[in-house]
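Data block below; observations after.
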Amino acid sequence: MSSDAVLASRCTACGAVSYPQHCLCPSCGGERFEPTPVEGEGTVVSYTDLYALAIDFEQRFLRLAMVELDSGVRATGQLLHETPAIGTRVKATVGVVRRQGETKIHGLQFVPV
């Protein structure tokens, strides 16, 4: 597993995957989890453009999407697509979502398939 992977949690009791992690498994109420990467392809179910960003953001807006991955996990991340639409197929990746000075902050991104 890559050190810059975005991680979900797999319930050790029933195998359900949650992102972000919950204190209790939404499927069975289990309390033990193991990390599993958020990866693969999925479908955009919602997206928005955020214009009210912190002053140190270099871009004019940030496009976020909620994606239902083929694994059944729903995750929110940065959508790197010029002409987004609900139903668009995308792939989960990890990339630089922000810079603070010389520091690169990595996060979940979705790119067209």
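Selection within segment 1-13: residues that are free of Cβ contacts under 8 Å to residues at least 24 places away in the same chain and surrounded by 12 or more Cβ atoms within 10 Å (Cβ to Cβ). The member of this set that is nearest to Glu82 (Cα to Cα) is Cys11.
Of all the numbered requirements in (1) surrounded by 13 or more Cβ atoms within 10 Å (Cβ to Cβ); (2) closer than 21 Å to Asp4 by Cα, Ala16 misses one, and that requirement is (2). When residues in segment 29-40 are screened for being surrounded by fewer than 16 Cβ atoms within 10 Å (Cβ to Cβ) and within 20 Å of Val113 (Cα to Cα), 2 of them pass. Candidates are the residues of segment 41-78 that are over 21 Å from Pro26 (Cα atoms) and polar (S, T, N, Q); the one that is surrounded by the fewest Cβ atoms within 10 Å (Cβ to Cβ) is Gln59. State all residues of segment 44-64 that are without any contact (Cβ under 8 Å) to a residue 40 or more places away in the chain and within 12 Å of Pro84 (Cβ to Cβ); if no residue qualifies, say none. Result: Tyr47, Thr48, Asp49, Arg63, Leu64. Contact annotation: residue pairs with Cβ atoms under 9 Å, 6 or more positions apart or on different chains, pairing a residue in segment 98-113 that is under 13 Å from Phe57 (Cβ atoms) with a partner that is aliphatic (A, V, I, L, M) and modelled with pLDDT under 85, are Arg98/Ala54.
The values are calculated or read from the model by the stated rules, or taken from the named source; none is laboratory data. Here the structure is a predicted model, which means the values were calculated and not measured. Counting neighbours? That spans all protein chains shown, and the Cβs are built from the backbone with ideal geometry, glycine included.
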